[in-house]
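Please read the structure below before turning to the comments.
The values are calculated or read from the model by the stated rules, or taken from the named source; none is laboratory data. These numbers come from a predicted model, not from an experiment. A quick note on method: Cβ atoms are made from the backbone with ideal geometry, for glycine too, and the neighbour counts reach across all protein chains shown.
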């Protein structure tokens, strides 16, 4: 992480660490603004979702965290909210709460 920072990385938008011990702490130590782990968020969010819709909801969440720009990210989150917000408000609340202010 220090090497990435030394190369000029100022922030990490999404960190998928796959449960590797120490990675979240290393990221937090070097880039303290980063607090998002999309894979873990998706897994925990699916606890709120009817099993019949898990694949579809997970695919729609992937569209959010795979977005290339902040503008696209906000658009995907708004689309998710429109499609699933009435059925799964906790999921939308979690994603809006863990994203940057300009995306909320």
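In table form, for the structure just shown:
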item	result
Leading residue by the ranking (modelled with the lowest pLDDT) among those in region 61-76 that are in a helix (DSSP H, G or I) and surrounded by 17 or more Cβ atoms within 10 Å (Cβ to Cβ)	65
Region 27-38 - residue that is surrounded by fewer than 15 Cβ atoms within 10 Å (Cβ to Cβ) and in a helix (DSSP H, G or I) and, of those, modelled with the lowest pLDDT	28
